Amino acid sequence: MEVTSFVPALAVAIPAIASILILVFRHHECIREGWTVIASFATLATVLSLLPSVLSGNEPGFTLLEILPGLSISFRADAFALIFALTSSSLWVMNSFYSIGYMRAHKEHGLTRYFFCFAVAISAALGIAFSADLLTMFIFYEILTLSTYPLVVHAETEDARRAGRKYIAYLLTAGIFFLFSVLVTYFLTRGTAFLPGGILTGHGSEALLTLLFITFLIGFAKAAWMPLHSWLPTAMIAPTPVSALLHAVAVVKAGVFGIARVAFYIFGIDLLSVLRLGLLLGIIASFTIIVASMMALTQDNLKKRLAYSTISQLSYILLGIALLTPSGIIAALIHIPFHAFMKITLFFAAGSVIIMTGIENISEMKGIGRQMPLTMLMFAIGAIGICGLPPVCGIITKWYLALGAIEAHQMLFLLVIISSSILNVLYFMPIIYTAFFEKPAEDRGIREAPLFMLVPLCITGIGSVLLFFFPDWPFMSLVKIAVGVITGEVIP
Amino acid sequence: MIPDHLTILIVIIPLLGAYTTLLAGWVKRRFCFPIAMVTICIQFCISLALLYQVMKTGPLHYNLGNWLPPWGIEYVIDPLNGFVLVVLLFLSLLCCMYSKRSIVAEIEEKKIVGFYTVFLLLVAGVCGIAVTGDLFNLYVFLEISSLAAYALVASGREKKALFASFNYLIMGSVSACFILIGIGHLYIATGTLNMADLARLLPPLYGSPLIQSAFIFFIVGLSIKTALFPLHLWLPDAYSYAPSAVSALIATVMSKMGVYALIRILFTVFTPAFIIMEIPIMELFCWIAAIAIIVGSVLAITQTDLKMMLAYSSISQMGYILLGIGIANSVAMTGGILHILNHAVMKGCLFMVAGAIIYATGLRTIDDLKGISRTMPLTAAAFFIAAASMIGIPPTVGFMSKWFIALGALESGQWFFVVIILASSLLTAIYFWRVFEYMYFREPDMARQAAVAGANDPPASMLVPILILAAACILCGIFVAVPLEVIEPSVTRLLGGN
């Protein structure tokens with residue numbers, strides 16, 4: 001049931017307002033960073049306040065302004081939106097503390113710009129989550145692109161600038177394809193609002209709709225599907241907290257979230273299966289899962305390996321969407337928060353290692369697990385989760401994904417899921433082996449990272465385990481409501 | 001009593017203002033700026049009153065000296081020129097305010113009196129073009145504003161400006177000849193110069209070669225005035241070597257006036273029936289506009305001088321307006337006319353920023369702008385917003401006009417132009433992104449360090465117009481419904497509805 005409420009827009013506004021306060025207090029380090037922390041808590045609280053209403057089946061939202069009939073800027077918090085919003089906002093809290101610890105330990109420059117852009121990026125990510133139509137989503141999608149660019153080029157070295165150019169070239173070009181898709185959708189239907197079951201049924205020829213789906217996919221290059229992935233490993237030049245929250249959670253999840261929104265709320269399951277677009281997406285996703293995993297194997301730079309792992313994991317979500325069955329969709333949606341928790345843990349751990357030792361390559365990490373036991377334990381938890389082993393939440397995704405593949409009678413996809421699990425083990429286990437079982441070259445007096453970094457790391461790591469035991473609170477409950485709305489079936 | 005005469009006052013006041021400036025400047029030079037400022041301010045208020053009146057009661061007709069049309073000269077204000085007037089006077093006002101400090105370094109002190117006098121003449125000419133309903137009168141005002149523009153371009157210390165101005169003069173005069181011959185043809189054929197009258201008398205003559213050649217003369221003449229590719233050659237030099245305030249003024253006000261005149265001739269004098277049915281000129285227009293959009297952007301990418309880059313970008317942006325008009329359905333026309341406002345706001349802001357940087361540092365090549373954001377944060381931020389609007393990133397206003405033009409192209413089934421519009425967004429992104437990266441993410445070169453480090457945001461009289469325009473880029477985008485309220489009825493009128 002739709003309810004008029006400004007709360008979703010408030011959640012978008014809080015980080016935006018915080019970004020201005022960060023600029024105003026740019027000369028007072030502690031106040032500036034205080035605003036980041038306060039805003040992250042306030043945002044989380046705002047998003048959480050939506051939870052009871054959404055869990056009881058409401059969809060609070062409102063239209064900010066109507067530009068033309070059918071073309072408006074509007075917000076809505078349904079269960080589907082809340083999955084992404086809750087993931088981003090809860091991890092922002094962790095990341096705020098981690099950022100402060102990391103950036104101070106690293107004695108980084110340009111912190112005002114850093115925290116400003118970070119807050120804007122989170123605001124944009126929440127905007128994408130809560131947008132009730134394509135235009136609103138597009139606006140925030142572009143803001144997300146722009147606001148993350150300064151974070152990628154943060155180091156201001158020639159390499160960073162080159163990486164930034166690649167980043168912006170990929171994502172702005174993708175944005176153009178997105179805009180084209182929005183235009184065509186509006187042209188065909190005179191509307192852009194997200195409706196369960198889609199709005200495109202009965203409009204346009206098959207060829208046009210297929211083209212439209214493909215341009216949408218290109219538009220969502222933030223999902224880093226192959227061959228449009230190469231901006232993501234390049235963006236790893238950014239400071240680690242950026243890689244952790246933005247390039248493992250907010251930005252890339254915005255991409256897959258967008259694809260899911262478009263697939264289910266613009267096209268609709270029926271139309272997708274009639275046009276056999278699920279199969280197309282499935283093939284793209286399978287290709288990405290396998291190839292990205294194999295490329296992860298070849299990376300010695302830890303952050304790059306994690307980036308390729310992200311690419312492959314994002315395509316799990318795409319594969320889940322592509323299956324077009326309830327279990328597949330459950331897998332896709334639940335993997336948004338689950339992968340976020342696990343991958344941010346991995347990045348936090350990698351960042352701690354970088355700060356404390358300066359080591360970025362896996363081959364140099366011999367025995368690091370003995371010197372930083374807690375950090376590497378959390379890393380191991382994240383890795384186990386990504387591999388899909390208990391007792392970490394990753395296995396739940398794999399389970400539903402496999403179930404979905406069987407429901408859809410797609411044994412080939414089942415094979416992809418199984419072989420990718422093996423690949424996951426292959427690229428993570430050497431890291432854990434090197435860290436714990438190889439002897440360090442010399443004792444360099446390495447200690448655990450400062451508490452500002454260690455505590456968020458432990459919370460997300462333990463969180464990944466807790467989500468295995470209590471998946472229902474709150475993510476699985478939300479997913480079930482969302483899947484119920486999308487498929488029209490009641491999910492037990 | 002007075003309210004009835006607002007239509008003519010909007011032209012008379014700047015003419016009087018120009019003479020007052022000249023006389024006052026004779027007494028004391030510093031009187032010139034306030035007089036010019038007050039004059040344009042009054043005009044701006046009048047234009048708002050006129051627009052309000054038009055929207056409330058419909059088009060206003062004013063007969064000069066009470067001579068009834070078609071014998072006398074008639075001034076007509078409908079939603080389109082009401083809207084154009086407000087936009088142009090708003091920009092003129094900001095340019096005038098901006099000029100106070102910016103011309104100090106660029107223009108010799110003794111020329112300041114002349115500068116403001118000519119400035120007001122230009123504004124008078126532009127307002128005249130907007131309000132007149134008489135073809136010959138339009139030509140007269142076009143020449144007044146053009147002559148003023150030639151003088152203003154040449155007013156700076158820059159030696160190259162003289163050559164640019166001369167070039168502009170030659171091309172402008174050629175264009176004026178074409179237009180005059182066009183008017184002559186129409187007068188021979190119909191015996192009238194009143195636009196409404198012409199629109200009534202022309203249809204039976206549409207087949208006549210006389211009318212068709214008149215039409216071609218108009219198109220070529222006005223294409224030169226609007227710098228439509230490939231007749232743009234005068235534009236880059238004139239825009240980039242003129243004093244900054246003048247660059248901003250002619251890039252926004254003058255160029256838009258040419259477009260306005262073109263729209264009037266195409267749609268009011270010749271009517272859609274002729275331009276769409278009789279001579280399929282609009283198709284050709286679209287293609288030329290498409291080429292202009294792409295070529296202008298590509299040339300802008302190759303530039304090393306900031307103002308030169310902005311000038312080439314103007315060629316590309318004028319292409320957008322003409323594409324919107326060329327597609328000639330209501331949605332695309334809405335986009336095209338909206339882009340008149342957008343381009344004025346964005347380009348005005350960008351040229352003012354370029355001028356502010358020259359004012360503060362003396363630097364004008366893009367390479368020299370490295371690290372400028374640290375010492376001129378507000379200026380750089382305004383540049384970023386205006387550039388984002390040029391690229392068409394929502395929620396800025398540039399996005400809205402691209403949306404409408406592209407949607408219009410889709411509606412008329414011309415998918416190719418949609419691709420052109422979107423591709424050019426990317427090209428635009430390329431040339432602005434380079435500047436943006438230099439401003440924000442690079443250290444100044446050794447040789448420029450002192451200039452960049454010693455810079456500051458410009459004085460308030462320059463900064464305020466820049467910030468107002470930057471804010472307008474976002475506000476007009478979010479509240480796009482406000483200008484659309486005026487644009488939609490004008491589009492309906494142009495396309496033949498009532």
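With the Cα gyration tensor of the protein assembly as shown in hand, convert its eigenvalues to equivalent ellipsoid semi-axes via √(5λ) and list them largest first in whole Å.
On the way: eigenvalues 642, 208, 101 Å².
Here the semi-axes work out to 57, 32, 22 Å.
Here the relative contact order of chain B, from alpha carbon pairs under 8 Å that lie six or more residues apart, stands at 15 percent. Two numbers describe the Cα atoms of the range B:20-93: Rg and Dmax, which are 15.9, 45 Å.
Could you tell me the number of lysine pairs in chain B with C-alpha atoms less than 15 Å from each other, where the two lysines are 8 or more residues apart or belong to different chains?
Number of lysine pairs found: 8.
Listed by chain and number, the lysines whose alpha-carbon sits under 21 Å from that of A:Lys222, ignoring those within fewer than 8 places in the same chain, are A:Lys166, A:Lys253, A:Lys303, A:Lys304, A:Lys343. How many angstrom separate the Cα center of the range A:181-206 from the Cα center of the range B:445-462? Measuring centre to centre over Cα atoms gives 51 Å. Length, then width, then depth: along the principal axes, the Cα atoms of the range A:44-140 run 50, 32, 15 Å. Overall, the anisotropy analysis places the range A:1-262 in the oblate class: the square-rooted eigenvalues a ≥ b ≥ c of its C-alpha gyration tensor yield a/c not less than 1.5, with a/b not exceeding b/c.
Using the Kirkwood radius over C-alpha pairs as Rh, can you work out the diffusion coefficient of chain B via Stokes-Einstein at 25 °C, viscosity 0.890 mPa s, in µm² per second?
Values: Rh = 22.5 Å.
D, rounded to a whole number, is 109 µm²/s.
Length, then width, then depth: along the principal axes, the Cα atoms of the range B:280-498 run 60, 32, 22 Å. Highest-first packing order for the peptide set A:327-340, A:188-201 is A:327-340, A:188-201, based on the mean count of other beta carbon atoms within 10 Å. Counting pairwise Cα distances across the range A:120-271, what percent come out greater than 24 angstrom? Here the tail beyond 24 Å accounts for 31 percent of pairs. Once the gyration tensor of the Cα atoms in the range B:86-133 is diagonalised, the equivalent ellipsoid follows with semi-axes of 24, 13, 5 Å, ordered largest first.
Rounded to the nearest Hz, the phi-derived 3J(HN,Hα) couplings of the range A:261-276 under the Karplus curve 6.51 cos²θ - 1.76 cosθ + 1.60 (θ = phi - 60°) are 4, 5, 4, 8, 10, 10, 8, x, 4, 4, 5, 4, 6, 4, 7, 6, where x marks glycine and proline.
Of the trypsin sites (Lys or Arg not before Pro) found in the range B:26-88, the ones in coil according to DSSP and having at most 14 other Cβ atoms within 10 Å of their Cβ are B:Lys28. With one equal scatterer per alpha carbon and no solvent term, the Debye-computed log10 I(q)/I(0) for chain A at 0.08, 0.12 1/Å reads -0.43, -1.01.
Once the Kirkwood radius over Cα pairs is known for the range B:327-392, the Stokes-Einstein relation at 20 °C and 1.002 mPa s delivers a diffusion coefficient of 162 µm²/s.
FYI, it's all coordinate maths here, none of it is from the lab. Predicted model, so just to flag it, every value in this text is computed and none were measured. Methodologically, a virtual Cβ is constructed for each residue, glycine included, from the backbone with ideal geometry; neighbour enumeration extends over all protein chains shown.
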